[in-house]
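I have placed the structure first, in the form of structure tokens, so that the comments after it can refer back to it.
None of the figures in this text is laboratory data; all of them are computed from the coordinates on show. Owing to the predicted nature of the structure, the values given are computational and were not obtained by experimental measurement. Here the Cβ positions follow ideal geometry from the backbone for every residue, glycine too, while neighbour counts run over all protein chains shown.
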Ligand code: F0G
């Protein structure tokens, strides 16, 4: 199908064959060729100044409890409604977003930057950036009349889906790789009440299975192949641009697994420039874990072919060997003149220890972005004086097991390990151990 005469405010288009679909078509892929879909907006009929005034006026506003109306203005997603999902009415919002942009001199020293800014998405309600996509995804599930929602996940998407589905009073089904989900994420998913299946396989198996199951069982699929999730995730970029006074930075650096976020960032930047919000594009740097780096392999060959690997990394959030949003992410890297690299698990854990010890804190996958910044500075791809924002995608408490192993149990103690010390209850013992 193609819209010929008048385009609606919002519609879906296949990124592979150009086939178009209605905004409310619930199918997760192109009905014609099975390609990935993208949401398109006609674009706001407002000047740049009018648009920016709306975004800022709504900041810190009330509402957003999911009650409905045009609420959601306390949300750092729905205050950008005109360029996220203009037609949404009853929004399911926690609220989410409005996360801080942090600066810590200790992290500058570790990474080699003069002033590295950290966009901390771990400050979202379920502790990861997934809430920004999920508020839009679950809102869309309601709009299309879904009876249940489903996803495959390495843990954060499932925690977020479980929370938003609970708020919307929709049954949720999640598939996660047995034995490879961080403790905090599994605990959240169970607590928020999703039906949780521990699949004896990896994330890539879970994703294949949930796509089949959702088609067969008529359940609305809320993995990041769902293009409405990416519309919500765009607001990470919109919000950080706003925090920089709409002066684009030189680089935005992010961890990359299934590549939904890389795709969302590319789309957000392209639209922000097309709609006059910024006048130049920052470059994207997508950072993978060395044991789960199919996208970095493809980039090194000029994207000549798509790689698939058997993934292994301590950063279980990005333990993904066959990323679903590959094509959309290639476009994001190409259009922003970006780069893709990989960092070792040791580098990830060292970056995490530096972020944690600076009082920032994040989960292992998030630290990949800062490990990536240091690697790019070391190879002179980024100059220390450039304006760089690294995105921290998840909260420190998502993965307590990795923390305790690193600080308490690893022999010999890694650099930055902070060993707990057990003592007798005497003042002398305390005094002897004063830091
Ligand atoms: N960081 C964290 C903390 C994540 O949970 C994820 C993905 C990523 C980075 C990578 O983002 O997949 O868009 O490239 N987590 C997914 C999940 C796969 O199921 O929670 P991506």
Under a point spin-label approximation (7 Å from Cα along Cα-to-Cβ), what is the residue 417-residue 169 distance to one decimal in nm?
5.2 nm
Three principal axis extents, largest first, for the C-alpha atoms of the stretch 175-302, in Å?
47, 33, 30
If packing is taken as the mean number of other Cβ atoms within 10 Å per residue, what is the order of 353-364, 387-398, highest first?
387-398, 353-364
What percent do you get for the relative contact order of the chain when only Cα pairs under 8 Å and 6+ apart count?
15 percent
In degrees, nearest ten, helix 345-357 long axis to first principal axis of the chain (Cα):
80 degrees
Report, to one decimal in Å, the Kirkwood hydrodynamic radius for the chain based on all distinct Cα pairs.
21.9 Å
Can you give the alpha-carbon Rg of the stretch 337-435 over 2.2 N^0.38 Å, where N counts its residues?
1.34
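Rank the residues 130, 234, 119 as a footprinting-exposure proxy: fewest other Cβ atoms within 10 Å of their Cβ go first. If you can, show how the numbers build up before the last one.
Details: 130 34, 234 27, 119 24.
Least to most surrounded, the residues fall as 119, 234, 130.
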Can you bin the stretch 47-177 into rounded, prolate or oblate? Criterion: square roots of the alpha carbon gyration tensor eigenvalues sorted a ≥ b ≥ c, rounded for a/c under 1.5, prolate for a/b above b/c, oblate for the rest.
oblate
Can you give me the Cα centroid spacing of the stretch 119-156 and the stretch 251-298 in angstrom?
20 Å
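Compare the peptides 178-184, 311-317 by average per-residue count of other Cβ atoms within 10 angstrom and give them in order, highest first.
Numbers: 178-184: 18.4, 311-317: 24.6.
Highest to lowest by the protection proxy: 311-317, 178-184.
Hey, with R₀ at 22 Å, roughly what FRET efficiency would residue 275 and residue 57 work out to, going by the Cβ-Cβ distance, to 0.05? Don't skip to the end; give the middle numbers.
Values: r = 18 Å, r/R0 = 0.81.
Once rounded, the FRET efficiency stands at 0.80.
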Which of rounded, prolate or oblate describes the stretch 101-237 when judged by the alpha-carbon gyration tensor and an a/c cut-off of 1.5?
prolate
Spacing of the two label points (7 Å from each Cα toward its C-beta) at residue 17 and residue 429, in nm
7.2 nm
Rounded to whole Å and ordered largest first, report the semi-axes of the equivalent ellipsoid of the stretch 78-135 derived from its Cα gyration tensor (root of 5λ).
31, 12, 7
Rank these for me by crowding, 131, 279, 250, going from fewest to most other beta carbons within 10 Å.
279, 250, 131
Using the per-residue mean of other Cβ atoms lying within 10 Å as a proxy for protection, in what order, highest first, do the peptides 145-153, 299-307 fall?
145-153, 299-307
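Based on other C-beta atoms within 10 Å, arrange 56, 126 from fewest to most.
Working: 56 11, 126 27.
With the fewest neighbours first, 56, 126 line up as 56, 126.
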Cα-based helix-to-principal-axis angle, 48-57 vs the chain, degrees rounded to 10:
60 degrees
Give me the angle, in degrees from 0 to 90, between the Cα long axis of helix 260-274 and the longest principal axis of the Cα atoms of the chain, rounded to the nearest 10.
60 degrees
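Add -39500 (n - 2.57) for each DSSP H run of 4 or more in the chain, then divide by its residues: what number comes out at 222 nm, to the nearest 500 deg cm²/dmol? All intermediate terms of the calculation are to be shown ahead of the outcome.
Details: 14 runs with 156 residues, N = 435.
-11000 deg cm²/dmol, from helical runs alone.
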